[in-house]
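Below is one structure, written out as structure tokens; the observations come after it.
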Ligand code: NDP
């Protein structure tokens, strides 16, 4: 074995799989884990790939095992653990060695770490890695951030281990500093929304149409062959069809969802950037509500259960499919608009079509629709997906189904927060004369904030109330 150029710290779920992936692609790699027994068992279970792996039992040992200039991947929990590892590595590394944080860092932390690294080194990259354990082992989607020259240094390895879409690597440099982790955060927000919309449609089928889980699974399986083809639809079909021998799994799983908070970061950032992402916001809200099980049970006891069966024939599965397609397009339109807003705010030239492309394989939100999105964004990145002819055409057809499903849901107590949020946004975005004139009048009334008139030039006008003229 040649001396490795790359090392990895943190042989947990993701780190172990990434290390095996790197070794399998023919790159020698040195590894170190805080708990030494983990390193030993990882190495012992690596099989033939052990020939490409150098296990080490101290940080200094890891650094010594890697050829200069070194690149070291951190795959430890986001937050203080990353700062601790950087602080421990810094005295051991040369200025042109490279630390790569591949965990789910908040992009503000990545910006800070990149800025700290810039003057004296060691160099620093923050990369978002998506695809879970399976993706890490066989091909994740990789969203890189940092100096382009540093990315180029490790791009051959990151490209080789990444997922492939029709032969293309799903590993792309997004921009400086925290750009890669920002794009990963938007990915995670969209992931929350995709999952929530599928869960809402499942709820309509279960409570509104009275369908058993296996039947719902069969519908999802069919949808997965059409416009909604995606990893999340595929696994939703699989979980809906699964049983524990006696019961459908979905019927015995508590309806209380966990989260690591990455969706929340996306929402916070969108609020800070004044970029509306209501579908993702609704999805994060719904997860939070799901956790309030006791409160929900009290609500049901006091007011009666909200969901009611739909009248026979009121809603077809084809209409539900249209609703899901429209919701998905609207959600992605919002997600990409958030990316544009961040690019403007942080001075990043974020490559929108390349972002759609990097999500086509390896990551949780991979879907066939992303290929069409990449094409639409390539035609005119600034235009936004809602106005792109291909998706405008799709929305014209599918928004009828979305409206029908959302209104039936409202009438029969079937909660559809994400789908309804998508529809409201769509309606707002196609209303040339909105209602914010009322807001402006109110603001002027109580705070003399002034307004513009539709029939005169200039701002700072006041109404004939409270003495303001
Ligand atoms: P795990 O909990 O499985 O593993 C964590 C690893 O980090 C372990 O090797 C652990 O070592 C090590 N570690 C923990 N704290 C420290 C510390 N203070 N100093 C040094 N090493 C430490 O986590 P995952 O592999 O799931 O996640 C790693 C990163 O990847 C996270 O940022 C996560 O958000 C991100 N990620 C996870 C995905 C997933 O599907 N799991 C998907 C995409 C990204 P020890 O054995 O000593 O405890």
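The values are calculated or read from the model by the stated rules, or taken from the named source; none is laboratory data. Note that this is a predicted model, so its numbers are computed, not measured. A quick note on method: Cβ atoms are made from the backbone with ideal geometry, for glycine too, and the neighbour counts reach across all protein chains shown.
Can you tell me how many residues in the range 194-238 are more than 18 Å from residue 307 (Cβ to Cβ) and within 21 Å of the chain's Cα centre (by Cα)?
14
Report, by residue number, each residue of the range 192-213 that is touching a strand residue (DSSP E or B) at 6+ places or on another chain (Cβ under 8 Å) and surrounded by fewer than 24 Cβ atoms within 10 Å (Cβ to Cβ).
The answer is 212, 213.
Any idea which of (1) within 16 Å of the ligand (Cβ to nearest atom); (2) under 18 Å from residue 359 (Cβ atoms); (3) touching a helix residue (DSSP H, G or I) at 6+ places or on another chain (Cβ under 8 Å) is the one residue 235 doesn't satisfy?
(3)
From the list 132, 180, which one is surrounded by fewer than 24 Cβ atoms within 10 Å (Cβ to Cβ), within 14 Å of the ligand (Cβ to nearest atom) and touching a residue at least 24 places away in the same chain (Cβ under 8 Å)?
Within the list 132, 180, the selection yields 132.
Which of the helices (runs of 4 or more DSSP H) contained wholly in the range 1-80 include at least 1 residues that are without any contact (Cβ under 8 Å) to a residue 24 or more places away in the chain?
36-44, 59-65
Tell me, please, whether a residue that is within 12 Å of the ligand (Cβ to nearest atom) and either free of Cβ contacts under 8 Å to residues at least 40 places away in the same chain or farther than 30 Å from residue 319 by Cβ (or both) can be found in the range 107-119.
yes
Which one of the conditions (1) in a helix (DSSP H, G or I); (2) more than 22 Å from residue 256 (Cβ to Cβ); (3) free of Cβ contacts under 8 Å to residues at least 40 places away in the same chain does residue 236 fail to meet, given that it meets all the rest?
So the condition that residue 236 fails would be (2).
For the structure I just gave you, tell me whether residue 218 is surrounded by fewer than 23 Cβ atoms within 10 Å (Cβ to Cβ), part of a helix (DSSP H, G or I) and not assigned by TED's automatic domain parsing to the domain that holds residue 147.
Taking the combined requirement at face value, the residue satisfies it.
Over 30 Å from the mean Cα position of the chain (by Cα), within 16 Å of the ligand (Cβ to nearest atom) and surrounded by 21 or more Cβ atoms within 10 Å (Cβ to Cβ): is that true of residue 72 in this structure?
Spelling it out, it is not the case that residue 72 is over 30 Å from the mean Cα position of the chain (by Cα), within 16 Å of the ligand (Cβ to nearest atom) and surrounded by 21 or more Cβ atoms within 10 Å (Cβ to Cβ).
Looking only at the range 56-69, count every residue that is surrounded by 13 or more Cβ atoms within 10 Å (Cβ to Cβ) and within 13 Å of the ligand (Cβ to nearest atom) and tell me the total.
2
Go through the range 6-39 and count every residue that is closer than 24 Å to residue 78 by Cα, surrounded by fewer than 20 Cβ atoms within 10 Å (Cβ to Cβ) and more than 10 Å from the ligand (Cβ to nearest atom).
The qualifying residues number 0.
Please find, among 383, 403, the residue that is at pLDDT below 95 and assigned by TED's automatic domain parsing to the domain that holds residue 304.
Every option except 383 fails the conditions.
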